[in-house]
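Some notes on the structure that comes next.
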Amino acid sequence: MELDPITRTGMSVGLDSVPTTQSDSVTNRQIVKAVQLVNQSGLLGEDRVLEYRRDPKTGQIVVQTVSRANGDVLDQIPLEVLLRLKAQYEQEDKQTGLSGTA
């Protein structure tokens, strides 16, 4: 199966910041709706489910493919290593007094 039906609904999602504007909140709702649509469609089969969460260190929305059988995370966007790098970068920015964010 293809993911085209979902992309045609205009659900282009960015996962790069903590929601600070109404636009960010709309994007987060779009992510939730897209996850629900994928799960309802059966695109991932009966043994997998798409889940979302907010990373506690970066505030980013994380989307994961999870095994229904044992709860193992099979895939994740963004990757865990990128989340940790961003958290480290933001921490260093705070310590050095820089105002830019990743």
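Summed over the range 34-57, the residues that are hydroxyl-bearing (Ser, Thr, Tyr) and free of Cβ contacts under 8 Å to residues at least 40 places away in the same chain give a count of 1. Tell me, please, whether a residue that is under 29 Å from Gln40 (Cα atoms), of a type in the set (Asp, Glu) and either at pLDDT 95 or above or surrounded by 11 or more Cβ atoms within 10 Å (Cβ to Cβ) (or both) can be found in the range 81-99. The answer is no, given that none of the residues of the range 81-99 is under 29 Å from Gln40 (Cα atoms), of a type in the set (Asp, Glu) and either at pLDDT 95 or above or surrounded by 11 or more Cβ atoms within 10 Å (Cβ to Cβ) (or both). Any residue that is out of contact with any Pro (no Cβ under 8 Å at 6 or more places or on another chain), at positive phi and modelled with pLDDT under 85 - is there at least one of those in the range 39-52? No, there is no match, as no residue in the range 39-52 is out of contact with any Pro (no Cβ under 8 Å at 6 or more places or on another chain), at positive phi and modelled with pLDDT under 85. From the set of residues in the range 1-38 that are polar (S, T, N, Q) and more than 21 Å from Gln76 (Cβ to Cβ), which is modelled with the lowest pLDDT? This residue is Thr9. The number of residues in the range 58-75 being surrounded by 12 or more Cβ atoms within 10 Å (Cβ to Cβ), out of contact with any Lys or Arg (no Cβ under 7 Å at 6 or more places or on another chain) and of a type in the set (Gly, Ala, Ser) comes to 1. Taken over the range 72-95, the criterion of being in contact (Cβ under 8 Å) with a residue 12 or more places away in the chain and of a type in the set (Asp, Glu) is satisfied by Glu90 alone.
The values are calculated or read from the model by the stated rules, or taken from the named source; none is laboratory data. Bear in mind the structure is a predicted one, so any value in this text is a computation, not a measurement. Heads up, the Cβs are rebuilt from the backbone with ideal geometry, glycines too, and the neighbour counts pull from every protein chain shown.
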